[in-house]
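These notes are about the structure you will find just below.
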Amino acid sequence: MHVLIVGAGLGGLSLAQTLRKQGISYQIFERDADKNSRFQGWAIALHTIIDDIVSSMPSDMPDLKEATNHLAPLNLPAQILMYYPEQGRMGFVDSPETPLIRAERYRLREWLSTNISIQWGKRLQRVESDDSGVTVWFEDGTSAKGDMLVGADGIQSTVRQNLLHQSHDELLEVVPLANIVGQLTLTG
């Protein structure tokens, strides 16, 4: 079994790590020229799935919290506040009872890249499949062949568009979403 993964974001890299742990052959391709080509976002809260994430990864991974903590080098506990319409506000502070990691997305991507060979600058052009497997072709003229293709290339997935032969506009509907972000000023 050889798995082709198009997209080296958090999802594609998580899959690559679990395949690596299981000894399953894979290749991972990313359209960005390198790891610094694009802003990765600010932070993501990890709480109820921390143990599952760590147990699904190979044992040679660095400590998740130390490697990804967006508060580093400050020695402050991670905190998060969520609002649920029926329950109101619920706050959490990192503790042994309620573990919480506020992972900086760039650092989390770096952590997930541990011992993974990412092929950068691989913009998918087309996908061909037959009884012997799947072949992906890239804009640079190269190709790769595997038994299975996983599209982890984001909301405007080129893999999905190639497999379904439909444009993103035909397939996707925008979901209204709001986000509240606070800012504070540290002094002293």
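Which one is right for this structure if volume of the Cα convex hull per residue in Å³ is calculated from it: (1) 120; (2) 172; (3) 219? Among (1) 120; (2) 172; (3) 219, the one derived from this structure is (2). Placing dummy labels 7 Å off each Cα toward the beta-carbon, the span from residue 123 to residue 89 is 4.6 nm.
May I ask for the net charge around residue 49, where only other residues with Cβ less than 15 Å from the Cβ of residue 49 are counted and Lys, Arg are +1 while Asp, Glu are -1? Display every interim value, and only then the final one.
Details: positive: 65, 102; negative: 51, 52, 94.
Local net charge: -1.
Using a 7 Å offset from Cα along Cα-Cβ at residue 14, what residues in segment 82-124 end up with backbone N under 15 Å from the label point? In segment 82-124, the label zone of residue 14 (backbone N under 15 Å from the point 7 Å along Cα→Cβ) covers 101-106, 108-113.
Would you mind computing, in nm to one decimal, how far apart the modelled labels at residue 114 and residue 175 are, each placed 7 Å from Cα along Cα→Cβ? Spacing of the two 7 Å Cα→Cβ label points: 3.0 nm.
Tell me the mean residue ellipticity at 222 nm calculated for the chain from its helices only (DSSP H runs of n ≥ 4, each -39500 (n - 2.57), averaged over every residue, nearest 500). Spell out each step's value before the answer.
Values: 6 runs with 44 residues, N = 188.
One gets -6000 deg cm²/dmol as the mean residue ellipticity at 222 nm.
Among residues other than residue 81 with Cβ under 15 Å from its Cβ, the summed charge is +1 (Lys and Arg +1, Asp and Glu -1).
In loop segments of segment 40-100 as defined by DSSP, the GluC sites (Glu not before Pro) with at most 16 further C-beta atoms inside 10 Å of their C-beta are 86, 97.
Where in the chain lies the longest segment free of trypsin sites (Lys or Arg not before Pro) that are both loop residues by DSSP (not H, G, I, E, B) and have at most 15 other Cβ atoms within 10 Å?
Numbers: sites that count: 35, 38, 123.
No qualifying site falls inside 39-122, the longest such stretch.
Each value in this text was obtained by applying a stated rule to the coordinates, not by laboratory testing. These figures come from a predicted structure and were not determined experimentally. Heads up, the Cβs are rebuilt from the backbone with ideal geometry, glycines too, and the neighbour counts pull from every protein chain shown.
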